[in-house]
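Structure record follows, encoded as structure tokens.
The values are calculated or read from the model by the stated rules, or taken from the named source; none is laboratory data. If you're wondering where the values come from, they're calculated on a predicted model, not measured in any experiment. Cβ placement follows ideal geometry from the backbone for every residue including glycine, while neighbour counts extend to all protein chains displayed. For accessibility, only protein heavy atoms count, side chains too; no ligands or nucleic acids. Shrake-Rupley method; radii C 1.70, N 1.55, O 1.52, S 1.80 Å.
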Amino acid sequence: MSAGREDWLAGAGAPLRGEIVVPGDKSVSHRAIMLAALAEGSSRITGFLEGEDTRATAAIFQRLGVGIEADGAERIVRGVGLHGLRAASGPLDCGNAGTGMRLLAGLLAGQRFASELVGDASLSRRPMGRVIEPLRRMGASIESAPGGLPPLRIHTNNSLQAIDFETPVASAQVKSAVLLASLYASGETFVREPHPTRDYTERMLAAFGWPIAFGPGWARLGGGHRLRATDVDVPADFSSAAFFLVAASVVPGSDLRLRRIGMNPRRTGLLAALRLMGADISEEAAGEQGGEPVADLRVRHARLRGIAVPEALVPDMIDEFPALFAAAALAEGRTVVSGAAELRVKESDRIAVMAAGLRALGARIAETPDGAVIEGGRLTGGEADSQGDHRIAMSLAIAGQCAAGEVRIGDCANVATSFPGFLALAQSVGFGLRPAQAIV
Ligand code: S3P
């Protein structure tokens, strides 16, 4: 979705110090727009992530007839009620956002109008069969490109049926697509997961007044109720904090404080993994924001050791593996990642792209079908390509802080999908990082 190619140059900077606030949570921001749009009345969303992914979702709802006003870092959403969306002319562009497309597929499956969902080159390669299959079982009529790929053509349907469904992979997006379709279905839907995933859809449905029962790994709800407008205060995104947690751990002399980070236990697996590696991260001022646990995180440099990442942590840190790979490449000893085959169908094949990137910087790393074996040590520097994957670009920037030579990171513009302002924020705490174009 981002225009133009942008490369970065990373190199040893200063110890990372100071106190920072990272942008709002991406998962919560997507869901807040969606539920506020379907609610009756106006909702105010504070701390909304001004990233390309979440702005694409907001733009889609505007095209579906929802009034959304930006007021600084806030959004006022004038909800149209469950049946108030209107058909848009032409395709709805989800940009780079898998969350946007999969959740919208569920939400649009039960509308009395047809829609088409499209995405950028990366999203157009991502599997949608995982949401199409259960939605078809509910009675939806959805066509995709061959292999279950986008674009998705969703036909008119006003007779969805509830299902009893066990998600084949631990995926909050699949679970959420089914839950959102269930708002329009007759009967009671029951969704179970092989391992509990982030429960923001469930929590937010409850906050908007929809009767729902849920616990770790399951949710049950019936159709035919109403959503009532409510204000949402979005916590800071743990996944954005993750890059700073790793960077301050590996750069000697660092002592960094991250303010008011969302600490939903289904998101904080990296914290546990880093602590097993010997990281020095403390939680302070624990509290609550918008119904979510939050805390300040203080991270100080520590010598990291390689570990076998417990497979039970994988779903709770599914977006953090690029950062974990960077930590592992700089740790002492071997790190083994397994049970993480889902990484191959993210914004890029994150196992292959991180392995290629770190290898180009001098790391010893072997891919396995569902993970990698990483020998920690020293990085030399060189050129690595992020393949347009935002989290890989930021993770290679961390690696660059500890490389002996300069690191050139290719194709970084998509960092704006989840973390606008990363470069300036990173520079402000001491990162050696700048756009390649700025060099004369
Ligand atoms: C998300 C769920 C996860 C995660 C993604 C956001 C969500 O995807 O990787 O960044 O907001 O529901 P999967 O459902 O594919 O695991």
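Observations
- Listed here are the strands (runs of 3 or more DSSP E) enclosed by segment 323-385 that have at least 1 residues being surrounded by 24 or more Cβ atoms within 10 Å (Cβ to Cβ): 334-337, 371-375, 382-385.
- From the list GLY382, GLY388, GLY357, the one residue that fits, being touching a Leu at 6+ places or on another chain (Cβ under 6 Å) and farther than 23 Å from ALA279 by Cβ, is GLY382.
- Pairs linking a residue in segment 93-113 that is within 13 Å of PRO127 (Cα to Cα) and open to solvent by 10 Å² or more (accessible area, probe 1.4 Å) to a residue that is within 12 Å of the ligand (Cβ to nearest atom) and in a helix (DSSP H, G or I), with Cβ atoms under 6 Å and 6 or more positions apart or on different chains, are THR99/HIS30; THR99/GLN173.
- Of the numbered criteria (1) of a type outside the set (Asp, Glu); (2) open to solvent by less than 20 Å² (accessible area, probe 1.4 Å); (3) away from the ligand (no atom under 16 Å from the Cβ), the one LEU179 fails is (3).
- Filtering VAL118, VAL77 for residues that are open to solvent by less than 10 Å² (accessible area, probe 1.4 Å), away from the ligand (no atom under 16 Å from the Cβ) and in contact (Cβ under 8 Å) with a residue 24 or more places away in the chain leaves a single hit, VAL77.
- Note on segment 297-322: residues that are open to solvent by 10 Å² or more (accessible area, probe 1.4 Å) and in a strand (DSSP E or B) amount to 4.
- Within segment 197-216, being within 14 Å of the ligand (Cβ to nearest atom) and either assigned by TED's automatic domain parsing to the domain that holds HIS390 or open to solvent by 10 Å² or more (accessible area, probe 1.4 Å) (or both) holds for THR197, ARG198, ASP199, TYR200, ARG203, MET204.
- Any hit, segment 154-170, residues being surrounded by fewer than 24 Cβ atoms within 10 Å (Cβ to Cβ), within 12 Å of the ligand (Cβ to nearest atom) and among the hydrophobic types (A, V, I, L, M, F, W, C): yes
- Single condition SER348 does not satisfy, out of (1) farther than 28 Å from PRO310 by Cβ; (2) in contact (Cβ under 8 Å) with a residue 60 or more places away in the chain: (1)
- Positions within segment 12-31 being under 18 Å from the mean Cα position of the chain (by Cα) and either crowded, with 24+ Cβ neighbours inside 10 Å or within 16 Å of the ligand (Cβ to nearest atom) (or both), in sequence order: VAL22, PRO23, GLY24, ASP25, LYS26, SER27, VAL28, SER29, HIS30, ARG31
- Restricted to segment 182-195, and to residues there that are within 13 Å of the ligand (Cβ to nearest atom) and buried (at least 19 other Cβ atoms within 10 Å of the Cβ), the residue that is farthest from the chain's Cα centre (by Cα) is VAL191.
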